[in-house]
Amino acid sequence: MNYNVTEKGYYGTFGGAYIPEMLYPNVENLRKNYLKVMAEPDFKAEFDQLLKDYVGRPSPLYFAKRLSEKYNTKVYLKREDLNHTGAHKVNNTIGQILMAKKLGKQRIIAETGAGQHGVATATVCALMGMDCVVYMGEIDIARQAPNVARMKMLGAEVRPALSGSKTLKDATNEAIRDWINNPVDTHYIIGSAIGPHPYPDMVTRFQSIISEEIKWQLKEKEGRENPDYVVACIGGGSNAAGTYYHFLHEEEVGIIAVEAAGKGINSGESAATSALGKEGVIHGCKTLLMQTNDGQITEPYSISAGLDYPGVGPLHAHLYKSGRGEFYSATDDEAMQSGLELTKLEGIIPAIESSHALAIFKHKTFKPDDVVVISLSGRGDKDLDNYIKYFNL
Amino acid sequence: MNRINQKMQEDKKLLSLYFTAGYPELNNTVKIIKDLEASGIDMIEIGLPFSDPLADGPTIQNSSTIALKNGMTTKLLFEQLKDIRKTVSIPLIIMGYFNPMLQYGVEAFCAKCAEIGIDGLIMPDLPLAVYQDEYEAIFKKHNLKNIFLITPQTSDERIKEIDNASDAFIYMVSSASVTGSKTGFGQEQTDYFERIASMNLKNPQIIGFGINNNETYTQATKETKGAIIGSAFIKHLTENGADTISDFVQKIR
Ligand SMILES: Cc1ncc(COP(=O)(O)O)c(C=O)c1O
């Protein structure tokens with residue numbers, strides 16, 4: 001089985017570019033150029049240098065001793081939470097802003113759910129002196145206030161998405177509409193491994209630094225490059241795609257995805273796309289999608305703003321359908337408990353998104369000598385209010 | 001012959017109107033269509049509402065949200081239209097997004113359209129390449145015309161490709177925008193209209209997006225076969241209800 005994207009932008013039957021003609025010139029221009037630009041030595045050099053000196057990479061691969069003892073297996077945490085701006089999102093925004101410059105764009109737009117991608121975009125725009133507009137659902141603006149303040153301080157304009165469920169899906173609609181209205185000077189920095197081809201592949205490649213580092217870091221620590229499992233939470237799937245990338249074709253590495261079950265898969269308030277979704281088209285991409293029988297997109301729910309999306313990236317839909325990936329979902333409660341547990345055992349407060357990945361231990365038992373690498377995609381600073389409210393701290 | 005092709009041969013400028021099925025009321029689809037024909041409209045785009053209409057601005061988006069809340073579905077729309085050809089003879093086009101069509105089943109959707117007497121489809125997010133690779137044969141089998149969009153940014157080369165793939169008319173988006181966002185046409189649009197006119201395409205062009213009164217209608221149809229009005233008509237329906245359709249049409253031409 002092949003897990004790389006095809007020439008036409010498909011992973012198995014998923015992917016493609018289902019875009020209105022208004023977006024065609026921009027998306028086509030990107031499609032024709034992204035691999036070429038990414039291969040240019042000066043692009044690579046600048047990307048690598050910024051990841052090192054600005055983001056603080058490589059991010060540590062940390063052996064979580066007490067967590068390992070508790071679950072009687074060997075747990076490593078890939079510390080994306082230690083990146084500048086506090087999550088994996090910045091790997092992609094650094095790559096895409098350099099891409100935007102190469103393509104001659106001056107204005108940047110982005111969508112954001114938890115605000116992490118918005119902050120990471122506003123940050124690189126400040127760094128490069130580019131105009132930045134971030135679309136964010138009105139509900140997310142309320143539940144991720146510290147990140148809204150950060151974006152504003154960084155000079156970005158935060159525009160509320162007022163339509164639909166007023167969360168990530170709607171922010172993405174608004175960003176796409178902005179791009180339709182501003183086709184010449186603007187680049188759209190999509191924040192996850194979603195959207196029309198070539199976005200899922202481009203975002204995955206920028207995030208693939210995560211698994212590239214895991215390989216050599218694990219070699220140093222365990223004497224082997226391949227863990228037994230890699231585990232990540234999935235909103236749209238960018239931290240997961242980066243965590244899996246270099247292991248996709250290594251059959252001995254188990255690939256585990258954890259989605260947000262919200263209040264329970266069958267509660268009507270969930271974002272567990274692989275369990276609840278059917279093949280459909282969202283935001284320019286054919287993928288698994290939560291929808292009604294009539295093809296209307298359903299409003300998802302999760303306590304975590306970053307996982308509150310009714311689709312998954314096409315790579316993940318393919319991993320699910322082909323059986324290459326093992327898919328689980330964690331409820332709000334399971335995630336919150338797992339987040340608190342990591343805090344108490346290891347002194348690390350994770351983002352609620354990442355807490356979903358940690359909740360894997362509530363669903364799967366590993367062998368004592370299994371090496372399990374978990375993507376700790378972000379830190380919990382932005383979620384303190386939610387943790388405090390949830391646990392009455 | 002397909003009714004759209006026939007209409008294109010008439011020696012006049014065409015005015016086509018878009019409305020969202022199920023808006024403002026769930027069950028006035030047939031009434032709106034009949035009133036539009038009675039007011040002298042040449043062609044109608046019946047909007048099949050979608051939860052996430054990417055290419056539309058707030059006006060059509062909002063009408064879609066309300067239509068869905070009212071209970072509009074693909075099945076219901078087909079049910080409402082089942083006898084439409086007993087009374088209405090102008091071309092009817094369904095405009096919607098691809099996902100509802102995909103869930104209904106592309107083949108079943110097209111067959112149903114043919115049975116009802118729908119003449120064409122506009123699916124902005126079903127791109128040319130996917131259409132040609134996977135669905136063209138199905139559309140053709142049911143004598144449904146697929147209408148493609150072009151914009152001021154569409155390259156000449158791509159326009160020629162779209163012209164070759166089309167067999168009805170080309171939907172010329174007036175400016176770089178979602179529906180309902182621009183007011184009035186400036187030099188940039190006029191240049192674009194003239195540029196396309198000078199390409200001598202085999203398909204006639206009809207301009208949509210940003211037409212809201214007699215002035216913009218006249219500008220738009222100077223170089224082209226006709227114009228499509230969407231958001232401005234939806235606004236009229238919102239403000240005046242569905243009983244005053246001829247008032248709106250008289251203001252346009
Ligand atoms: C910390 C963190 N992890 C995970 C996600 C989910 O996104 P993705 O699935 O693209 O990694 C987000 C999104 O905002 C996030 O902020």
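Here is how the numbers come out for the structure above:
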{"read-out": "Filter pass, A:Asp333 being within 13 Å of the ligand (Cβ to nearest atom) and away from every other protein chain (no Cβ under 14 Å)", "value": "no"}
{"read-out": "The stretch A:181-205, subset within 14 Å of the ligand (Cβ to nearest atom) and within 14 Å of chain B (Cβ to nearest Cβ), residue nearest to A:Asn4 (Cα to Cα)", "value": "A:Ile194"}
{"read-out": "Given (1) out of contact with any helix residue (DSSP H, G or I) (no Cβ under 7 Å at 6 or more places or on another chain); (2) at pLDDT 95 or above; (3) surrounded by fewer than 21 Cβ atoms within 10 Å (Cβ to Cβ), index of the condition B:Val106 fails", "value": "(1)"}
{"read-out": "Residue check, A:Val75 more than 30 Å from B:Thr154 (Cβ to Cβ) and of a type in the set (A, V, I, L, M)", "value": "yes"}
{"read-out": "Search result, residues across the stretch B:137-159 that are in a helix (DSSP H, G or I) and either within 14 Å of chain A (Cβ to nearest Cβ) or in contact (Cβ under 8 Å) with a residue 24 or more places away in the chain (or both)", "value": "B:Ile138, B:Phe139, B:Lys141, B:Asp156, B:Glu157, B:Arg158, B:Ile159"}
{"read-out": "B:Gly180 being more than 14 Å from every other protein chain (Cβ to nearest Cβ), on the phi > 0 side of the Ramachandran plot, part of a loop (DSSP other than H, G, I, E, B) and not basic (Lys, Arg)", "value": "no"}
{"read-out": "Residue in the stretch A:152-160 that is in contact (Cβ under 8 Å) with a residue 24 or more places away in the chain, buried (at least 18 other Cβ atoms within 10 Å of the Cβ), under 27 Å from A:Ser322 (Cα atoms) and within 16 Å of the ligand (Cβ to nearest atom) present", "value": "no"}
{"read-out": "Hits in the stretch A:276-310 - residues which are more than 16 Å from the ligand (Cβ to nearest atom), more than 8 Å from chain B (Cβ to nearest Cβ) and either among the aliphatic types (A, V, I, L, M) or within 16 Å of the chain's Cα centre (by Cα) (or both)", "value": "A:Leu276"}
{"read-out": "Failed item in (1) more than 14 Å from chain A (Cβ to nearest Cβ); (2) touching a residue at least 12 places away in the same chain (Cβ under 8 Å); (3) surrounded by fewer than 22 Cβ atoms within 10 Å (Cβ to Cβ), with B:Asn200 passing the rest", "value": "(2)"}
{"read-out": "Exclusive hit being over 26 Å from B:Leu102 (Cβ atoms), within 14 Å of another protein chain (Cβ to nearest Cβ) and either crowded, with 19+ Cβ neighbours inside 10 Å or among the aliphatic types (A, V, I, L, M) (or both), set B:Gln189, B:Gln205", "value": "B:Gln205"}
{"read-out": "So A:Ala175, is it surrounded by 20 or more Cβ atoms within 10 Å (Cβ to Cβ) and within 14 Å of another protein chain (Cβ to nearest Cβ)", "value": "yes"}
{"read-out": "Residue match in the stretch A:111-129 (condition: surrounded by fewer than 19 Cβ atoms within 10 Å (Cβ to Cβ), within 14 Å of chain B (Cβ to nearest Cβ) and closer than 30 Å to A:Gln291 by Cα)", "value": "no"}
{"read-out": "Meets criteria (modelled with pLDDT under 95 and within 16 Å of the ligand (Cβ to nearest atom)) for A:Leu168", "value": "yes"}
{"read-out": "Within the stretch A:364-384, considering residues that are under 25 Å from the mean Cα position of the chain (by Cα) and acidic (Asp, Glu), the one nearest to the ligand (Cβ to nearest atom)", "value": "A:Asp383"}
{"read-out": "Within the stretch A:250-295, tally of residues that are closer than 26 Å to B:Leu68 by Cα and among the acidic types (Asp, Glu)", "value": "3"}
{"read-out": "Selection status of A:Val184, assigned to a loop (DSSP other than H, G, I, E, B) and surrounded by fewer than 24 Cβ atoms within 10 Å (Cβ to Cβ)", "value": "yes"}
{"read-out": "For A:Leu345: the one exception among (1) more than 15 Å from the ligand (Cβ to nearest atom); (2) buried (at least 17 other Cβ atoms within 10 Å of the Cβ); (3) over 21 Å from A:Ala261 (Cα atoms)", "value": "(2)"}
{"read-out": "Failed condition for B:Val106, given (1) within 30 Å of A:Thr186 (Cα to Cα); (2) among the hydrophobic types (A, V, I, L, M, F, W, C); (3) within 20 Å of the chain's Cα centre (by Cα)", "value": "(1)"}
{"read-out": "Residue list for the stretch A:187-226, restricted to those being part of a loop (DSSP other than H, G, I, E, B) and of a type in the set (Asp, Glu)", "value": "A:Glu225"}
{"read-out": "Residue check for A:Tyr18: among the aromatic types (Phe, Trp, Tyr), within 14 Å of chain B (Cβ to nearest Cβ) and either buried (at least 17 other Cβ atoms within 10 Å of the Cβ) or part of a helix (DSSP H, G or I) (or both)", "value": "yes"}
{"read-out": "Positions within the stretch A:235-269 being within 24 Å of A:Ala305 (Cα to Cα), in contact with a Phe, Trp or Tyr (Cβ under 6 Å, 6 or more places away or on another chain), away from the ligand (no atom under 13 Å from the Cβ) and assigned to a loop (DSSP other than H, G, I, E, B), in sequence order", "value": "A:Glu269"}
{"read-out": "Filter result for the condition that a residue is farther than 30 Å from B:Met72 by Cβ, out of contact with any helix residue (DSSP H, G or I) (no Cβ under 8 Å at 6 or more places or on another chain) and crowded, with 24+ Cβ neighbours inside 10 Å, over A:Ala351, A:Ala357, A:Ala330, A:Ala335", "value": "A:Ala357"}
{"read-out": "Residue selected from the stretch A:272-312 under the condition without any contact (Cβ under 8 Å) to a residue 60 or more places away in the chain and assigned to a helix (DSSP H, G or I), by the criterion surrounded by the most Cβ atoms within 10 Å (Cβ to Cβ)", "value": "A:Thr273"}
{"read-out": "Flag if A:Asn29 is within 14 Å of chain B (Cβ to nearest Cβ) and more than 23 Å from the chain's Cα centre (by Cα)", "value": "yes"}
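The values are calculated or read from the model by the stated rules, or taken from the named source; none is laboratory data. Note that the structure is predicted; figures quoted are calculated from it, not measured. For neighbour counting, all protein chains shown are included, and Cβ atoms are generated from backbone atoms with ideal geometry for every residue, glycine included.
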